[in-house]
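The values are calculated or read from the model by the stated rules, or taken from the named source; none is laboratory data. Keep in mind the model is a prediction, meaning the values are calculated, not measured. Cβ sites come from the backbone with ideal geometry, for glycine too, and all protein chains shown count toward neighbours.
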């Protein structure tokens, strides 16, 4: 059995290691990681900083002991600095500064991503934080606990920015959220982004969109964030969350090819161009099932899948990554916002003749108490009828997340929008309708496309 | 355009009528119904009788006016008594006793089902009720309101029995539930049925299983239900809910063939053997997608689908019913219990080499507050790996219903259990895990089947 070395102790690396041990209980598997926190749920950091997760140790998907019990070797506090693919050696620096060389038969790179640093002055001021790894989180938490800040400015209205706005509000802080785009959560349609902004505002958060942040400066023991047009906000704390860029420096020392998005180029077997070197997770480009080409879409779910596949193939397996649909969900206060597949503009750009239809209904029969409204945007191709994408926004207890997953399963199989009505979905009045809302939304799309085609007939 | 007549104003009939009007706005569509309550949600009756639905009129999927506005003619209080397929005439008796004959070009029979009457003495005593149609519901409600009963015995531990046990408990009544099988809710595995019984008991309900009810008798102004072995329970009210039998008397006047289950034989176009006569809903046999043969599985979801297809085909369409998977969910107090596809025994009987693996996990990351445990039973074929079925039990806010729908979508497309891990499902810590619980359950199945095969390797 080959000795397999994973670089990176987060989702991709640990998934690869677990898969190898599952398939081959006699294999030798080592995970090298730069810090001391293997297999932590970095998606959970906002809930630690909100105080909802009371002990950071609970953020571990698995504890160190769990991982060791699986027969996986751990090299913690080993920062990999170079890969020599000819000798199959990885050079790493340990916490004490000494250098070691670790051999491998097969290598899986899972170095993840680093926070994108915007073109803003003052990012190095005390009280300005990025949020990506456990270490960042500890620094922010220390600030929260020791300095008891009363206000924060969050730069970036994506997932992490929104979750942190929720988290710090929950701690009783006054929060201002600044976003460069015209609406927050630009991964969904603008009308949904506006609904999210309303949710933030209803919880006292100041939301400023369409702002180019220019600088952060110290101002009366606070930090002032200044941008154009005419934006200025002060806070005791500034969080910067404007996206992630793949961490590929290490991979490049091995001559690994970097793709169009600055991420590691891999095939669907998660192989790089360099023999015996695989890569997975936030550092790689990801095959898109609908676009049939690679994109950069770093998500924890994808990292788990890709790591698992890289691990299996590293020990002689033959499995291909089936592709991402960009399925994702975020909870902001009482709202869940989910999407899968392509939005209208993305579909157009990809050459589909797309049409998006918006539809609203209740998450269960309205006669039963507690029905929440769900808003859908269904995107399909008017020529073929193919289902291309869906977005849902509504109360998080309205099964928004798993409803978008029904669309994801349908898109995975190339279903038409019309065929959604053929799915045998569960119903009871307190939980759904005889046609589930996902089917009603699909039917609304089909009706609208028919109307688009036959305007005269409909007006009769 | 043909004149289409629907007999039956519930799910199948109204779905057919709506579909016809949608596809052909100039068509002539008439729905004949025996009572005055078209398009009522009979699945909602327990929630009316619990008091959660305060006005029975809210149980209408659509009001009479809504239906008329869709351009559908209604013949309410017309009890159809005979079909003459040669003359294409339906004979009906109106409320005033007069007889009318209604012509049709195409006929869709949607006469539904009637409650199964068990072999029990005393079913005709005052205070003993069946529950199927609006009229039944009014009689029970009148009894509840006027006589303020304090206790009830429910015969039958299926969906309606369980929902009524929940409903009457919510009204403050003392409830005894009697079931013939060894466990309640025999549509799911016995261990799930036992969990449901615990839920009932924790709400003060007396649950008696494995009981053959023999008679109901009057006893000191109450009703006494007596059965063997050694069962006796008294209540002010007795509800009988032991299943449904297809209502086919009318269809037989037209020479329509009845299938193996006593229901109307139809093909996947919802055509009967008699020209120009279609049938749909609880009165017909239903094509099973996995078994590839008809079964009797009366469900509102299926009635909607079949009605829609019958309607489309009646006006010249060409659509086939894609088949049922028996997907269903019921909420009992805080629990939701859902299933789709085949259970182990059903799969064996159908010739699959089935294996069922039970698995438990949290509905979202356990570090985030409020995680509920979900229990899964995944059934697959060990030869082909094909996913055959899934059952889930857990807190109703754990997205149990729409999680079973992900399985339903996967089974619909013939996925293997292993392929469940390829689905791109949504994740955020407050709503799921990087592998959704449905994927973890599928992975547990795959691991267990591997262990079954390689016991020696695993024991190393």
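For the structure I just gave you, tell me whether residue B:132 is within 28 Å of the chain's Cα centre (by Cα) and assigned to a helix (DSSP H, G or I).
no
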**Complete:** Within region B:336-366, restricting to residues that are under 30 Å from residue A:53 (Cβ atoms) and either more than 13 Å from every other protein chain (Cβ to nearest Cβ) or surrounded by fewer than 22 Cβ atoms within 10 Å (Cβ to Cβ) (or both), the one that is modelled with the lowest pLDDT is B:366
**Message:** Out of A:226, A:266, A:256, A:245, I need the residue that is over 19 Å from residue A:8 (Cβ atoms) and touching a strand residue (DSSP E or B) at 6+ places or on another chain (Cβ under 7 Å). Which one?
**Reply:** A:226
**Asked** Considering only region B:13-53, how many residues are closer than 23 Å to residue B:171 by Cβ and facing chain A (nearest Cβ under 9 Å)?
**Response** 8
**Pick from region B:32-48, criterion surrounded by 17 or more Cβ atoms within 10 Å (Cβ to Cβ) and touching a strand residue (DSSP E or B) at 6+ places or on another chain (Cβ under 9 Å), ranking: farthest from residue B:130 (Cα to Cα)** = B:32
**Request:** Report, by residue number, each residue of region A:212-241 that is surrounded by 21 or more Cβ atoms within 10 Å (Cβ to Cβ) and outside any strand (DSSP E or B).
**Result:** A:241
**Message:** For the list (1) facing chain A (nearest Cβ under 8 Å); (2) modelled with pLDDT under 95, I need the number of the one condition that residue B:409 fails.
**Reply:** (2)
**Request:** Working only within region A:319-348, note down all residues that are touching a helix residue (DSSP H, G or I) at 6+ places or on another chain (Cβ under 8 Å) and over 21 Å from residue A:399 (Cα atoms).
**Result:** A:319, A:320, A:321, A:322, A:324
**Message:** I'm told residue A:185 meets every condition in (1) exposed (fewer than 15 other Cβ atoms within 10 Å of the Cβ); (2) on the phi > 0 side of the Ramachandran plot except one. Can you identify the failing condition by its number?
**Reply:** (1)
**Prompt:** Tell me, which strands (runs of 3 or more DSSP E) lie completely within region A:256-361 with 3 or more residues that are over 16 Å from the mean Cα position of the chain (by Cα) and not assigned by TED's automatic domain parsing to the domain that holds residue A:379?
**Reply:** A:277-279
**Counted residues, region B:1-31 - those being buried (at least 24 other Cβ atoms within 10 Å of the Cβ) and not in a helix (DSSP H, G or I)** = 9
**Request:** State which residue is farthest from residue B:328 (Cα to Cα) when the search covers only region B:1-12 and only residues that are in contact with a helix residue (DSSP H, G or I) (Cβ under 6 Å, 6 or more places away or on another chain) and more than 12 Å from chain A (Cβ to nearest Cβ).
**Result:** B:4
**Asked** What are the residues in region B:415-451 that are part of a loop (DSSP other than H, G, I, E, B) and under 22 Å from residue B:369 (Cα atoms), if any?
**Response** B:425, B:426, B:427, B:428, B:429, B:430, B:431, B:432, B:433, B:434, B:435, B:436
**Prompt:** Using beta carbons and a limit of 8 Å, which pairs, at least six apart or on different chains, have the first residue in region B:190-203 and surrounded by fewer than 21 Cβ atoms within 10 Å (Cβ to Cβ) and the second one assigned to a helix (DSSP H, G or I)?
**Reply:** B:203/B:166; B:203/B:169
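Going by the structure shown, is residue B:369 within 11 Å of another protein chain (Cβ to nearest Cβ), within 27 Å of residue A:336 (Cα to Cα) and surrounded by fewer than 23 Cβ atoms within 10 Å (Cβ to Cβ)?
yes
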**Message:** Looking at region B:86-104, can you tell me whether even one residue there is out of contact with any helix residue (DSSP H, G or I) (no Cβ under 6 Å at 6 or more places or on another chain), within 29 Å of residue A:369 (Cα to Cα) and not in a helix (DSSP H, G or I)?
**Reply:** no
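Residue-by-condition table, conditions (1) without any contact (Cβ under 8 Å) to a residue 40 or more places away in the chain; (2) away from chain A (no Cβ under 14 Å):
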{"site": "B:243", "(1), (2)": "no, yes"}
{"site": "B:246", "(1), (2)": "no, yes"}
{"site": "B:263", "(1), (2)": "yes, yes"}
{"site": "B:270", "(1), (2)": "no, no"}
{"site": "B:282", "(1), (2)": "no, no"}
{"site": "B:299", "(1), (2)": "yes, no"}
{"site": "B:315", "(1), (2)": "no, yes"}
**Asked** Within region A:80-102, how many residues turn out to be closer than 17 Å to residue A:278 by Cβ and either in contact (Cβ under 8 Å) with a residue 40 or more places away in the chain or not assigned by TED's automatic domain parsing to the domain that holds residue A:255 (or both)?
**Response** 7
**Message:** For region A:433-448, check the following and say yes or no: at least one residue is within 8 Å of another protein chain (Cβ to nearest Cβ), at pLDDT below 95 and surrounded by fewer than 18 Cβ atoms within 10 Å (Cβ to Cβ).
**Reply:** no
**Message:** I need the full set of residues from region A:333-388 which are on the phi > 0 side of the Ramachandran plot and in contact with a strand residue (DSSP E or B) (Cβ under 7 Å, 6 or more places away or on another chain), in order please.
**Reply:** A:341, A:385
**Complete:** Checking A:404, A:417, A:329 in turn, the sole residue that is at negative phi, touching a strand residue (DSSP E or B) at 6+ places or on another chain (Cβ under 6 Å), more than 7 Å from chain B (Cβ to nearest Cβ) and touching a residue at least 24 places away in the same chain (Cβ under 8 Å) turns out to be A:417
**Asked** Could we say that residue A:237 is touching a helix residue (DSSP H, G or I) at 6+ places or on another chain (Cβ under 8 Å) and either assigned by TED's automatic domain parsing to the domain that holds residue A:342 or under 25 Å from residue A:10 (Cβ atoms) (or both) here?
**Response** no
**Request:** Pull up region A:376-401, narrow it to residues that are more than 8 Å from chain B (Cβ to nearest Cβ) and assigned to a loop (DSSP other than H, G, I, E, B), then point me to the one that is surrounded by the most Cβ atoms within 10 Å (Cβ to Cβ).
**Result:** A:398
**Asked** So which of A:75, A:68, A:33, A:49 is more than 24 Å from residue B:421 (Cα to Cα), touching a helix residue (DSSP H, G or I) at 6+ places or on another chain (Cβ under 6 Å) and not assigned by TED's automatic domain parsing to the domain that holds residue A:160?
**Response** A:49
**Asked** Listed residues A:161, A:172; which is in a helix (DSSP H, G or I), closer than 18 Å to residue A:52 by Cβ and modelled with pLDDT of 95 or more?
**Response** A:161
